[in-house]
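So the structure is just underneath, and the comments pick up after that.
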Amino acid sequence: MNISNQKVDIMPEETLPKLLKRNYEKYGDNQVAMREKDYGIWQPFTWKDSYEKIRVFSLGLMALGFKRGDKLCILGDTKPEWVWAELAAQAAGGTPIGVFTDCRPEEVKFYLENSDSVILIAGDQEQVDKGLRIKDELPLLKKIIYWEMKGMWNYSDPILASFEEILDLGKKFEETHKDFFEKSIEKGKADDIAIFSYTSGTTGNPKGVMLSHRQLISGIRRIRETEQFSDKDNYVCFLSPAWVTDQGLSITNSMLTGMTLNFPESPETVREDIREIGPSFLFFAPSLWENLMSMVQAKIPDSIFLDRFLFRVFSAVAYRAADSDIGRQKNRWLWKTLQFIGHFLMYRDLLDKLGLSKIKACYTGGAALSPDLLKFFMGIGVNLKQMYGSSECPIIAMHRGGDCYPETSGAVVKGMEVRLSKKGEILIRGGNLFSGYYKMESKAIVDEQGWFHTGDFGTIRDDGHIIVMDRMEDVRQTAGGHSFSPQYLEIRLRFSPYIRNALVMGEEDQTDIISVINVDFENVGRWAETHRIPYTTMSDLSQKPEVIELTRGEIQKVNMLLDEWNKIRKFVNLHKDFDPDEAELTRSRKLRRKFVETGYNELRKAMFENREAFTTESEILYQDGRQGKITTDIKINAVE
Amino acid sequence: MAKSLKIRKVAEDVSLELNDLWLKFANITALSGVSLEINKPEIIAIIGPNGAGKTSIFNCINGFYRPIRGSVHFNGRDITRWPAHKIGALGISRTFQNIQLYTGLNTLDNLMAARHCHLKPSVLWGALYFGPERRKEIEHRGFVEGIIDLLELESVRKKVVGTLSYGWRKRVDLGRALAVEPKILLLDEPMAGMSANEKEDMARFIIDVYELWKIPIILVEHDMEVVMDIAERICVLDFGFKLAEGLPDEIKGDQKVIKAYLGEEQ
């Protein structure tokens, strides 16, 4: 079922494999398509190398019986093989589905089962083990293919095959099936389903969103109207392409523009690898920007006096300069001059340390980012832009040109219509809206006029900029009759280097707004060390009176900017972090509010009842599936 | 692709025999006639209470201590009186309970330094970094990178070892032992003082090394859970005597072992 009633103006039958073939013919061996850091060296793959891998792997898949319309799941770290597998599947006329690597076996099973996948491409031993554990419950699953040899030496299950083995199979298959691959690419249509992108499941089981080549490509075309991506640009792939926004900005973008994709050595080396590449474009989730900021704020106190002084002065300048850019600060020329001086005294070095010195534009999306954080990065010279999208429509709105207002998500992209429902829900129509959910009716969220209900609560300004406040179901009321958005408060709390995550709650029969805080173990730990406070674990550190005092101060800072009724009155430092393994966060690290609120129901009651402390006995689930129990006393604290 | 195959090597026949080893320090007898024979690739654990003589065995094998009686044979050769560096060059590599690394060098340099026994440098070419020396250096770096990949040391490759946490240093220490391309590997408490996660990682690395190289690995370890999980054969020492030797299941049920560990009911 196709529910997008407005076709977008792209070349009639463009598909990702066709673009790949075009790039191969255009660049051949003369240009690098991707680089992977391996053995400490950036190993290049030219377009020809890349194309050959995809061609032979695709033939290998066909030899296994993978046919048009079949699906396969890719479960592995972001490596060139990920991209090759995706394009090989698409070239064979099938649909790849990206799965996040930290999913538990049951979750992987859900994706494989729900999408009717016949092949699982698992990166390494860890992922293969997940596949082997669930293979007997999946009658459709024919093969598990892995690309990382480490630890796989003694596996003999016949369902397993290495990437190399499939390449050999492909080569043999080619002898009897000449030009099969090229013909298969030719058969592709722009409206074929390119990928399934599963919704993050903040509200229940994930749904398989079907996106066609046309939708993916037109989405990136919209971005290209304002950004000058070219084949000279570098992009660092370290988020998972299982996330549709990254999928678009990396794979689709590279096929469309010929830019080079760079794959870091390991998740732990991303920061250094980014610095080595000096990418021109980056996409960070808000949590990564927050981490970056926390890191800067935590390291500054360790530096010499002069650095600390310059940082204090010129971060203040950065905020003012960013404000003056959008006309909220007088004396624009003064701040711009100071910003210019700051560039040489501080920003330049800071950007270099962060690996952002060659950045043309950075993006953030997926969740709201604190306006202060956005202003800071804009002020030091990072062209940081917000994007607003969802799995169903990867790009709805974004900042363009100099039109960057920190609190908005930018204006709606061309070809899309947007309006608000009576309740304040954002509705969208047209453009690159998805082709429907796999095996599911989409009527519930797309009404008769074709409006898609995003489930986001927000407003649209007169200049067309969208402000996304929160999820519809998350907007809360207090006894005073005020509606407030917990997320609005949470992102402001998270701006503190000492607060990693926060859950803000309110009740219709309670006047107070309360908050459950996850302190940032690393930064607070460092703070404790400099203040000579001994601690052992997270649960110990979080309950230290000094740390509680520290958190209280951070909350007071946020409270100062809020109306009296909107202030946070009570808080606890939770003894642990919210954890995706316990389903408290989604795999893209968004809070699963309903689940967490119910999970901490007792704690919430205790907080509203004005008790002083709360004893919790929580079951914890380790990543390897073991269970344990922890008893902790959590102090309940008030804020002025 | 097909990573870490770079450091794959052909399995060789290796045998190590300890015959009736006696070791004394003044009036204390550290080892009283301990014998042990290894002639196929396997993971062997040596366990025992504190002061049982576990580390003394390692020190006798690699020439730090001289036993007063008995002999150590490696591939048929008597190496009992050999100096430590010659024993190392034979391919007997070990890690230490209290990590022995160059704390002022980074991980990469520590591993490269460990490969010195495979380098036969010429001063002139080496100084010029030219010709065969350059080729050799690149080759050895390739091997070391293979180990970095195997032990997932990428994020600390360029970090000075002295600044690393204990768990990381243990890992680098294992890497140093592997860089020698050992024919037999002795690990002295590789998991002491580690967190549960780090222990799990370490156990996985030991198994990876074993599966990849098929070399005998002798392990001194206190953590029973780990020992029972990964060892194929266990040798139990108590006050310098060999108490028992056998499969993990046999050792678990052995009355003498239980007595040595848990004491006797009065």
Query raised in the report: Can you tell me which residues in region A:208-231 are of a type in the set (S, T, Y) and within 17 Å of A:G94 (Cβ to Cβ)?
Result: A:S212
Query raised in the report: A:E165 fails exactly one of the following numbered conditions: (1) surrounded by fewer than 17 Cβ atoms within 10 Å (Cβ to Cβ); (2) more than 14 Å from chain B (Cβ to nearest Cβ); (3) closer than 21 Å to A:D70 by Cα. What is the number of that condition?
Result: (2)
**Report entry** Given (1) more than 14 Å from chain B (Cβ to nearest Cβ); (2) within 29 Å of B:S155 (Cβ to Cβ); (3) in contact with a Pro (Cβ under 9 Å, 6 or more places away or on another chain); (4) modelled with pLDDT of 85 or more, index of the condition A:F311 fails
**Finding:** (3)
Report task. Read through the list (1) within 28 Å of the chain's Cα centre (by Cα); (2) closer than 16 Å to A:V519 by Cβ; (3) away from chain B (no Cβ under 14 Å), then give the number of the only condition that A:F595 fails. Result -> (2)
Query raised in the report: Within region A:398-408, which residues are surrounded by 23 or more Cβ atoms within 10 Å (Cβ to Cβ) and over 16 Å from A:E227 (Cβ atoms)?
Result: A:T408
Query raised in the report: Got a number for residues in region B:191-212 being small (G, A, S) and either farther than 30 Å from B:K40 by Cβ or within 11 Å of chain A (Cβ to nearest Cβ) (or both)?
Result: 3
Report task. Kindly list the number of the only condition in (1) under 27 Å from A:S250 (Cβ atoms); (2) touching a strand residue (DSSP E or B) at 6+ places or on another chain (Cβ under 7 Å); (3) not basic (K, R) that fails for A:E107. Result -> (2)
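Test A:E148 against the stated conditions and say whether it is more than 25 Å from A:Y111 (Cβ to Cβ) and within 14 Å of chain B (Cβ to nearest Cβ).
Working: more than 25 Å from A:Y111 (Cβ to Cβ): no; within 14 Å of chain B (Cβ to nearest Cβ): yes.
No; evaluated as a whole, the condition is false for this residue.
Please verify whether A:A367 is modelled with pLDDT under 85 and among the hydrophobic types (A, V, I, L, M, F, W, C), treating the condition exactly as stated.
Answer is yes for this residue.
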Report task. Identify all residues within region A:529-563 that are buried (at least 18 other Cβ atoms within 10 Å of the Cβ) and over 22 Å from A:M607 (Cα atoms); write none if there are none. Result -> A:Y535
Query raised in the report: Do we find a residue being assigned to a loop (DSSP other than H, G, I, E, B), under 30 Å from A:Y198 (Cα atoms) and free of Cβ contacts under 8 Å to residues at least 60 places away in the same chain anywhere in region A:382-392?
Result: yes
Requested in this report: Only residues that are outside any loop (DSSP other than H, G, I, E, B), of a type in the set (G, A, S) and either within 16 Å of A:K79 (Cα to Cα) or under 21 Å from the mean Cα position of the chain (by Cα) (or both): list them for region A:97-137, please.
Outcome: A:G98, A:A122
Requested in this report: Kindly check whether there is at least one residue in region A:217-238 that is without any contact (Cβ under 8 Å) to a residue 60 or more places away in the chain, out of contact with any Ser or Thr (no Cβ under 8 Å at 6 or more places or on another chain), closer than 30 Å to A:K594 by Cβ and not polar (S, T, N, Q).
Outcome: no
Query raised in the report: Which numbered condition trips up A:I277, out of (1) over 17 Å from the mean Cα position of the chain (by Cα); (2) modelled with pLDDT of 90 or more; (3) within 14 Å of chain B (Cβ to nearest Cβ)?
Result: (3)
Report task. Give me a count of the residues in region A:376-406 that are within 26 Å of A:L585 (Cβ to Cβ) and charged (D, E, K, R). Result -> 2
Requested in this report: Determine, yes or no, whether B:E12 is acidic (D, E), closer than 30 Å to B:L153 by Cα and outside any helix (DSSP H, G or I).
Outcome: yes
Report task. Return the only residue of A:K71, A:K48 being away from every other protein chain (no Cβ under 14 Å), closer than 19 Å to A:G208 by Cβ and basic (K, R). Result -> A:K71
**Report entry** Residue under evaluation A:P301, criteria (1) away from every other protein chain (no Cβ under 14 Å); (2) crowded, with 17+ Cβ neighbours inside 10 Å; (3) assigned to a helix (DSSP H, G or I), criterion not met
**Finding:** (2)
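Residues that are in a helix (DSSP H, G or I) and either in contact with a Phe, Trp or Tyr (Cβ under 7 Å, 6 or more places away or on another chain) or assigned by TED's automatic domain parsing to the domain that holds A:F181 (or both): does region A:65-73 have at least one? It would help to see each step written out before you state the result.
Taking region A:65-73 and keeping what is in a helix (DSSP H, G or I), we get none.
Looking through region A:65-73, none of the residues is in a helix (DSSP H, G or I) and either in contact with a Phe, Trp or Tyr (Cβ under 7 Å, 6 or more places away or on another chain) or assigned by TED's automatic domain parsing to the domain that holds A:F181 (or both).
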Report summary line: Subset of region A:86-113, residues in contact (Cβ under 8 Å) with a residue 40 or more places away in the chain and closer than 22 Å to A:H213 by Cβ, comes to A:E86, A:L87, A:Q90, A:A91, A:A92, A:G93, A:T95, A:P96, A:I97, A:G98, A:V99, A:Y111
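Restricting to helices (runs of 4 or more DSSP H) lying wholly in region B:101-190: which have 3 or more residues that are within 14 Å of another protein chain (Cβ to nearest Cβ) and more than 23 Å from B:V14 (Cβ to Cβ)?
B:107-114, B:132-150, B:166-179
The values are calculated or read from the model by the stated rules, or taken from the named source; none is laboratory data. From a predicted model like this one, the values you see are computed outputs, not experimental measurements. Using ideal geometry, Cβ is built from the backbone for each residue, glycine included, and neighbour counts are taken over all protein chains shown.
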